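Here's the structure, in C-alpha cells; my notes come after.
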C-alpha cells in the first residue's frame, strides 16, 4: 500500500501525520542529565545549559585525555624536576577553549545560532567553563608534582611553579579564542594557541631557562595586556551585525 493511500485511509478528522510527529519528537527527545539540570538552574536558561554541556572540550572523553596528559606531566616533573605540568597546562587549555567555538566542530552550533541568547553569551559561558575546569585540573596536578618534588625549595619558588602558569594560560586561551572566532575554525584556534605558547617557551629557553615563562614576574604585564587585546578581538568578532535583532 502506497504512503499516500495509507494516509488517505485515515478518518478525515484525525491528523495522523501530526500525531506521528509528536510521537517521534517524544521518542527522540534527549532527557537532560544531572549536569545539564544543574547548569540550567544556575544559568536560568535550558538552552544555554544544553549548549554548555555539549561543548566538545567539556565532554567526558576530552576531560579524560586532559587528565591523562597532566598526570603524565606530573610524573615527568617528579622524575626530572622540570615543571612539565606548568608548561603543558596553557597548551591544553588553549586547545580546549578553541574547541568551545566552531561550525562543523560543535554539535550545538545550529542550536546556538537559533537561540534567543546571543552567540557572544554562549561563547562566554563556554569559555569560562573550559578555563575554570582546566585551571582546576592543572592546579591539582601542579600542586601534587611541585610539592612532592620540591625538597628544600623555598615557598616562593613552590608558589611560582604552582600558580605561575595561570596568567600565561589565560593569555594563550585568549589568543586561541580570538583566532578561532576570527577564522570561524576551531582548528585555526588550536594552531594559534599551541604555536603561540611554543614560541613563548622556546624564546625563554634560548636563554637556558624554560621556567622563566612561569616564574619571571616581568612577563605578567605583557601577558595581561596581550590577553586584553585578544579579548577585544573576540568581542569584535562576535558582535551582532548592524540591523540584526
Ranked list, fewest to most other Cβ atoms within 10 Å of each Cβ, for 70, 177, 38: 38, 70, 177
Order of 118, 57, 217 under a 10 Å beta carbon neighbour criterion, fewest first: 217, 118, 57
Tensor-based shape of segment 186-230 (alpha-carbon gyration tensor, a/c under 1.5 rounded, otherwise prolate or oblate): oblate
Cβ-based exposure ranking for 175, 182, in which fewest neighbours within 10 Å come first: 182, 175
Nitroxide proxy distance, nm - points 7 Å out along Cα→Cβ at residue 182 and residue 136: 3.2
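We did not get these values from a lab; they are worked out from the coordinates using the rules stated. Nothing here was measured: the structure is a model prediction, and the numbers come from that model. Glycine gets a Cβ as well: all are built from the backbone with ideal geometry, and neighbour counts include every protein chain shown.
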